[in-house]
Every structure is written in C-alpha cells, then in structure tokens.
Amino acid sequence: MNKTIEEINGKIRNGEAVILNAEEIIGYVAEHGIKKTAKNVDVVTTATFGPMCSSGAFLNFGHSDPPIRMTKTWLNDVPAYSGIAAVDAYIGATELSESEGMAYGGAHVIQDLIDKKPVKLRATSYGTDCYPRREIETFITIENLNQAYLFNPRNAYQNYAAATNSSKKTIYTYMGKLMPNMGNVTYSSAGQLSPLLNDPYCRTIGIGTRIFLAGAEGYVAWHGTQHNPQRQRLANGTPSGPAATIAVIGDLKKMSTKYLRAATFYNYGVSLYVGIGIPIPVIDEEMVEFLSVKDEDIYTEIFDYSVQRRNKPSYGKVNYGQLRSGNVELRGEKVLTGCLSSYKTALEIADVLKSWIIKKSFYLTNPVCQLPSEQKVNVLNVLSEDEL
C-alpha cells in the first residue's frame, strides 16, 4: 500500500511516524524485508557534509545617507558582485581576498558573518542624481543586514569521481593533495547517507522540497548547475559519476558554522563545507529498495587528475565500501584513500533532522515541480569568430 506525504505528515503530527536515518534503514531492511519496511517506516533522513564550491550568499546592506548605488563592493577585501541593485550584493564562496589571496575568501566572509563578527564593507560608485555618494567604508554584522540568505547554485552532487595522480610530482587540486605515482586516491561523498543516492531518480526531491541546510531550514530552489540526470546508472539507480545536482536556499541568519565552514585547499583556493539533510518519505516498496542502498552498492570512477584535460584517463570503478576501508587496489598495488567530506558529520546531520521531525518542528513537503529527468550538459568550446 502506497503512502502520501500528507499521510506521513499526519503521522508525524500525531507522534506515530517511524523515522530512521539512512544508515539505520539498511539493517532494518535486512531484518524485516522490503514489504514490512515499506509498511512500518515512514521517513528516512539522509545527509551530506563536504566542500561545495558553487555556493554563496545574497546580502542587502540598507541605504546610507546620502545614498550610494554600489558598483564595486568588497567585504573584508573580498570582491562581491554588485550588478543587482543599489545595495544588494552576492558574495561567492570561492572569491579570493585581494590582499590575502588563498588564505581568505568569500567562504570565510560568510562564516564570519554567521559567527557575528564585524565585516568591513567598502564600496565605490560613479554617482547619480538619485545616488550621489561615490564611496563608502564601514563595518557590518549579520544583525544589521536587512537580508542575508544562502543561495548555492550547485550542491549535493549525486556521486562524484575519485582522484589519483600518475605523474612524478605532487599536485594540488579541488580533490586535495594528490601524491605522485598514484600514491593516494581521494574522494568526496557520504555514500550510503547521501540524499540523491537514496532517491536516485528524484521521485520525492524537487523544487520546493524542505531540507536541513547548514543548521537551519532551507529549500531546494531549482535543479543545480551541471545537473546531468542522464548519466549511465546501475540497476539500483545509482550513477557511476557526477549526475544530478540541486540549487538550495535558506536564511543565513539562522545557520550555524558547525554545518557551514570555510576551507582553504592548499595551492588551489577557497571552498565552503555545506551540511545538507533531506528527509525521504517512504511512499512505496520501490523507495525502500533505493533507501537500502549500501556503500558496497555504490560505484564511482577513479580518474587521473595529472592529465589537464576534460577527458581524463580512468583507472576503473570502485565502490564506497572499498574507498572507506582506507585503501584500494590500483595496478595490483594497495593505495591509500582519503575522504574530503565527513561521514561522521553527515550522520550527525541525519540524526539532527530526525530529531526535528520527531519533535514535530519539521514537516515534509511535496515538490511543486520535479527536477528535470532529461538534460544535456554542454561542453565549452573555444571558437574564433570565423568558426561561429
């Protein structure tokens, strides 16, 4: 018998809902089977916590006296984009400080704001009749911003590639430090806890889905950039590489730096660690089959990041059980593995979200629109005017 989200919310409201996290459901299904699980369990909480570069925040500073139409804006010397309106700006997580370079960036500004630290605002303008002021320098805090909300164009990647390095020198990438001669393999995924791996065809995750976002309530705003749902998949629905993505939005003023943290990748740049939790309603037996996916059932591909081309050489596929064990076999030798994301924090987020639902402070939502199931991902070609 199928269940609706309205029926599940009713059970939450009455204190009757059975809620498990994405780790617990695996053992439950093994013990009770698909049919009984579909009948007894109502919600499974999923989560991930890892570096998500495609992130940032919209800020509204309010008007000064006399007013200014900000055209160039810096926050703690990090450029923010001001081509929106007079006193609105978007600070990108990966933007670097003009004075400190890779040591400080947009992600650090966002973290400082959440921690209620003063942030230096500097802006310039060409001046107009209605906005005569040409420059301003002051300090802001998150309390005196009119609005501050996180808007991340691409988060919670549905699987991602693992990385190694066949060259003779150490290289530094967004996948971390890669040792020469395939000295290590790095990856970034919560595997069996990951939201989009537990609902691989996005049957219940769509535009308008309420989520845990960095310690606060947030929403799926759109499909994410580079959304690639047509990636080849296994029988359990999981793709073998980067596939679906989501764009998310939430109130920065309510977030916590426990689940939203700046990071500097040596010799690469700045990123933002984002904590996302998504409740998956157990609407039928098929969802149970998806939700019982284990690390050993999810595969990714190991690519050679020393090759500076879009199509990198592959060294085969490996499952997350193998990756999480601490080593994998490459060319007949054991190679150490390291994870950039935190499984421990992802599990904590899944449990926090579970507690919110049990306490009746968080209810599930029906998507107002499904994410695209077919979408072409284009490649940027370098063309001359004569080739157009």
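The values are calculated or read from the model by the stated rules, or taken from the named source; none is laboratory data. Fair warning: this is a prediction, and the values are worked out from it, not measured in the lab. Quick reminder, even Gly has a Cβ in these numbers, built from the backbone with ideal geometry, and neighbours come from all protein chains shown.
Would you confirm, using the coordinates I've provided, whether Pro132 is in contact (Cβ under 8 Å) with a residue 40 or more places away in the chain and either farther than 30 Å from Thr45 by Cβ or small (Gly, Ala, Ser) (or both)?
yes
When you scan the range 324-368, how many residues do you find that are hydrophobic (A, V, I, L, M, F, W, C) and over 23 Å from Ile246 (Cβ atoms)?
5
Scanning the range 363-379 turns up no residue that is over 22 Å from the mean Cα position of the chain (by Cα), modelled with pLDDT of 95 or more and surrounded by fewer than 16 Cβ atoms within 10 Å (Cβ to Cβ). Checking the structure you have, find out if any residue of the range 344-352 is more than 25 Å from the chain's Cα centre (by Cα) and under 21 Å from Pro239 (Cα atoms). No, because not a single residue in the range 344-352 is more than 25 Å from the chain's Cα centre (by Cα) and under 21 Å from Pro239 (Cα atoms). Residue-level check: of (1) under 24 Å from Lys253 (Cβ atoms); (2) outside the structural domain of Gly215 (by TED's automatic domain parsing), Ala47 misses just (2).
Return the residues of the range 60-106 that are in contact (Cβ under 8 Å) with a residue 40 or more places away in the chain, in contact with a Ser or Thr (Cβ under 8 Å, 6 or more places away or on another chain) and buried (at least 17 other Cβ atoms within 10 Å of the Cβ); say none if nothing qualifies. Residues satisfying the conditions are Ile68, Arg69, Met70, Thr73, Asn76, Ser82, Ala93, Thr94, Tyr104, Gly105, Gly106. Note on the range 201-232: among residues that are small (Gly, Ala, Ser) and buried (at least 23 other Cβ atoms within 10 Å of the Cβ), the one that is nearest to Tyr149 (Cα to Cα) is Gly218.
Is one or more of the residues making up the range 355-374 more than 28 Å from Ile171 (Cα to Cα) and part of a strand (DSSP E or B)? Looking for residues that are more than 28 Å from Ile171 (Cα to Cα) and part of a strand (DSSP E or B), one finds at least one in the range 355-374, hence yes. Reported count of residues in the range 64-106, each being part of a strand (DSSP E or B), of a type in the set (A, V, I, L, M) and closer than 19 Å to Ile142 by Cβ, is 5. Inside the range 260-276, residues that are surrounded by fewer than 23 Cβ atoms within 10 Å (Cβ to Cβ) and touching a helix residue (DSSP H, G or I) at 6+ places or on another chain (Cβ under 9 Å) make up a count of 4. For Val335, the test of being within 29 Å of Glu24 (Cβ to Cβ), among the β-branched types (Val, Ile, Thr), at pLDDT 95 or above and not assigned by TED's automatic domain parsing to the domain that holds His108 is failed.
Of all the criteria given as (1) assigned to a helix (DSSP H, G or I); (2) in contact with a Cys (Cβ under 8 Å, 6 or more places away or on another chain), the one not satisfied by Glu289 is (2).
Residue by residue, here is whether (1) closer than 30 Å to Asn2 by Cβ; (2) outside the structural domain of Gln230 (by TED's automatic domain parsing) holds:
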position	(1), (2)
Gln111	no, yes
Leu121	no, yes
Pro132	no, yes
Ser166	no, no
Thr170	no, no
Asn198	yes, no
Cys202	yes, no
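Taking the range 141-192 on its own, how many of its residues are of a type outside the set (Lys, Arg) and assigned to a loop (DSSP other than H, G, I, E, B)? Result for the range 141-192: 23.
Residues that are in contact (Cβ under 8 Å) with a residue 60 or more places away in the chain, assigned to a helix (DSSP H, G or I) and touching a Phe, Trp or Tyr at 6+ places or on another chain (Cβ under 8 Å) occur in the range 18-37; there is at least one. Note on the range 245-275: among residues that are within 13 Å of the chain's Cα centre (by Cα) and not in a strand (DSSP E or B), the one that is farthest from Tyr104 (Cα to Cα) is Thr245.
The single condition among (1) surrounded by 23 or more Cβ atoms within 10 Å (Cβ to Cβ); (2) not assigned by TED's automatic domain parsing to the domain that holds Ser256; (3) not in a strand (DSSP E or B) that Ala57 does not satisfy is (3).
Each row is one residue, and each column tells you yes or no for (1) outside any strand (DSSP E or B); (2) surrounded by 13 or more Cβ atoms within 10 Å (Cβ to Cβ); (3) in contact (Cβ under 8 Å) with a residue 40 or more places away in the chain.
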{"site": "Lys312", "(1), (2), (3)": "yes, yes, no"}
{"site": "Glu329", "(1), (2), (3)": "no, no, no"}
{"site": "Lys344", "(1), (2), (3)": "yes, no, no"}
{"site": "Leu383", "(1), (2), (3)": "yes, no, no"}
